Amino acid sequence: MKAHFVWLLLMICLGSVVAQTQSDSVETPAKEQFYLFLLVGQSNMAGRGVIEEQDHKPHPRVLTLSKDLKWQHALAPLHFDKPGIVGVGIGGTFGREIAEVFPEATIGLIPCAVGGSPIDSWTKGAYYPPTKSHPWDDAIQRAKHALQFGELKGILWHQGESDSKEGFAESYEGKLHLLIERLRAELNATNVPFIAGQMGQFEERPWNEDKKLVDRAHHNIANRVTRTAFVNSDGLHHKGDEIHFDSASYRELGHRYAQSWLELGKP
């Protein structure tokens with residue numbers, strides 16, 4: 001009984017420490033040493049993976065911008081689009097891998113993804129009813145706030161499922177190219193890399209022609225838009241819902257995004 005009480009007390013204290021770490025803001029480094037990355041798209045960018053023990057261990061030089069615009073240690077979940085279901089995504093692994101390559105830098109993640117959002121909701125003034133948010137406007141506001149503290153080094157995009165249907169897929173590629181152009185112009189980031197990730201390839205949910213068309217737009221990006229790259233989802237698994245990656249796959253996808261960014265070279 002006594003041992004059980006001690007264990008329970010330890011768990012309460014540990015939970016308090018984690019909560020304190022997540023709620024308190026932290027100091028940021030000199031602007032030129034603070035590498036910022038914008039995380040945009042829909043649910044597979046926000047992350048829906050189960051949070052595990054390793055996700056509670058922060059990296060001292062990987063921060064995230066909270067919903068209320070505070071810099072905090074990056075612990076899953078980073079996003080807040082749908083609080084009841086958001087979980088592990090690509091951001092944590094991506095940030096840690098970049099931090100290890102650049103020991104002089106601190107990595108700042110700017111989570112702005114919105115689950116279910118079609119590409120049309122990523123335009124100025126567009127309102128997305130399911131989350132009662134303005135994906136584009138909110139992302140630009142958060143990014144510009146973050147830019148007071150650091151320098152934008154990359155834009156990570158994972159989106160497309162909501163546009164993989166007739167009447168939308170046909171115009172997706174043009175809208176994606178315009179999105180990149182608008183983001184770079186709005187954030188004064190002409191030379192900043194833009195990396196697009198591939199949608200999940202799951203046997204239980206074969207792709208239709210519309211999804212193949214959206215995938216082709218992602219595949220073609222590096223050949224048609226400067227300073228862009230495509231990250232494949234080969235061999236990754238879903239969490240059981242045939243839509244979202246599992247936690248291990250999100251981490252692997254984060255690794256692939258990091259490798260892709262490193263190959264492009266920081267601006």
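The values are calculated or read from the model by the stated rules, or taken from the named source; none is laboratory data. Since the structure is predicted, the reported quantities are computational estimates derived from the model, not experimental observations. Cβ sites come from the backbone with ideal geometry, for glycine too, and all protein chains shown count toward neighbours.
Remarks
- Checking Leu176 against (1) more than 29 Å from Glu27 (Cβ to Cβ); (2) assigned to a loop (DSSP other than H, G, I, E, B); (3) among the hydrophobic types (A, V, I, L, M, F, W, C); (4) touching a Gly at 6+ places or on another chain (Cβ under 9 Å), the condition it does not meet: (2)
- Leading residue by the ranking (surrounded by the most Cβ atoms within 10 Å (Cβ to Cβ)) among those in the stretch 73-102 that are more than 11 Å from the chain's Cα centre (by Cα) and free of Cβ contacts under 8 Å to residues at least 40 places away in the same chain: Ala74
- Taking each residue of the stretch 129-154 that is surrounded by fewer than 21 Cβ atoms within 10 Å (Cβ to Cβ) and looking for partners that are in a helix (DSSP H, G or I) with beta-carbon atoms closer than 7 Å, six or more apart or interchain, yields Ile140/Glu186; Phe149/Lys31; Glu151/Lys31; Glu151/Glu32.
- All of Phe230, Phe194 fail the test of being under 25 Å from Phe37 (Cα atoms), surrounded by fewer than 20 Cβ atoms within 10 Å (Cβ to Cβ), in contact with a Gly (Cβ under 9 Å, 6 or more places away or on another chain) and in contact (Cβ under 8 Å) with a residue 24 or more places away in the chain, apart from Phe230.
- Residues of the stretch 191-220 that turn out to be more than 17 Å from Glu161 (Cβ to Cβ), hydrophobic (A, V, I, L, M, F, W, C) and not in a loop (DSSP other than H, G, I, E, B), as a count: 2
- Selection within the stretch 87-110 - under 20 Å from His158 (Cα atoms) and out of contact with any Lys or Arg (no Cβ under 7 Å at 6 or more places or on another chain): Val88, Gly89, Ile90, Gly91, Gly92, Phe94, Gly95, Arg96, Glu97, Ile98, Gly108, Leu109
- Residue selection: Arg205 fails the criterion of being within 20 Å of Phe168 (Cα to Cα), modelled with pLDDT of 95 or more and among the charged types (D, E, K, R).
Here's the yes/no breakdown for (1) more than 15 Å from Ala113 (Cβ to Cβ); (2) among the β-branched types (Val, Ile, Thr); (3) at pLDDT below 95:
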| residue | (1), (2), (3) |
| --- | --- |
| Ile140 | no, yes, no |
| Gln148 | yes, no, no |
| Gly154 | no, no, no |
| Gly160 | no, no, no |
| Ser164 | yes, no, no |
| Glu186 | yes, no, no |
